[in-house]
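Working notes, structure below.
No lab work stands behind these numbers, since they all come straight from the coordinates. Since this is a predicted model, take the numbers as computed values, not measurements. Reconstructed Cβ throughout: ideal geometry from the backbone, glycine too, with neighbour counts over all protein chains shown.
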Amino acid sequence: MKKIFAPLILVSLLTSAHTMAKVNDDLGFNTVISLSSGVVRGEESEEDENLTSVAIGADFHKFPVEMELRYTRASSSASADLGGDTLNLNGDLDNWSIGGKLDLSWNCRASCLYLMGAYNYGENTLTAELNGEEVADAVITGNYFSWGGGFRYDFTAQLRATVEYVIFETGEQDNVDFGTSKAWMGGLAYKF
């Protein structure tokens, strides 16, 4: 049920974005929908893990500020040979964040550098399998902050590309120390 809930919210946000575009023009902001993909690496990790995200936001005309609601999904897996037995460890992170971006210029025409920060809620699902049979699982939830910076290039008045570097200050969640994770993401956004 949880896996269906997030896409339903996303579809409703996307369908309402077109309607909101006409109203928002009078209020002084545009709705922005963005899709991003990238890699993330934790402090103790030796490998990058895949990361995808989708966001809906408001880009304000009169101020160099953008606010957004973002859903991010990351997955990881590792395996070890235990003298004839195989141990597989899998992790899935579902992350919701509310945050903002501050342009470093009041007049960003085609390209712009920006700072970003967000408050996050994450749900980390961990499973362990021994020889293909699940032997343990855990769900760890927590709240944490993220911050970073990015570069935006506007191809047209509506279509833009972004590159972002984000640091997730996850820390200790449910007695498990996740430390700090760092991510590089690239994406496309459409402004209504």
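Annotations
- Between PHE155 and ASN90, the modelled labels are 3.5 nm apart [label points 7 Å from Cα along Cα→Cβ].
- Computed over every Cα-Cα pair of the range 29-146 and binned at 5 Å starting from 0, the pair-distance distribution P(r) comes out as 2, 10, 15, 19, 15, 12, 9, 7, 5, 4, 2, 1, 0 percent.
- Computed FRET value (nearest 0.05) for SER111 with GLU169, which takes r as the C-beta separation and R₀ as 22 Å: 0.20
- A quarter of the convex hull surface defined by the alpha-carbon atoms of the range 85-143 gives 6.3 nm² as the mean projection.
- For LEU82 and GLU46, the FRET efficiency from 1/(1 + (r/R0)^6), where r spans their Cβ atoms and R0 equals 22 Å, is about 0.70.
- Proximal charge balance of ALA183 [Cβ under 14 Å; K/R count +1, D/E count -1]: -2
- A quarter of the convex hull surface defined by the alpha-carbon atoms of the range 88-192 gives 8.3 nm² as the mean projection.
- Inter-centroid distance (Cα atoms) of the range 123-161 relative to the range 83-106, Å: 2 Å
- Sorting 147-157, 76-86, 47-57, 111-121 by average packing, meaning the other beta carbons within 10 Å per residue, from highest down gives 47-57, 111-121, 147-157, 76-86.
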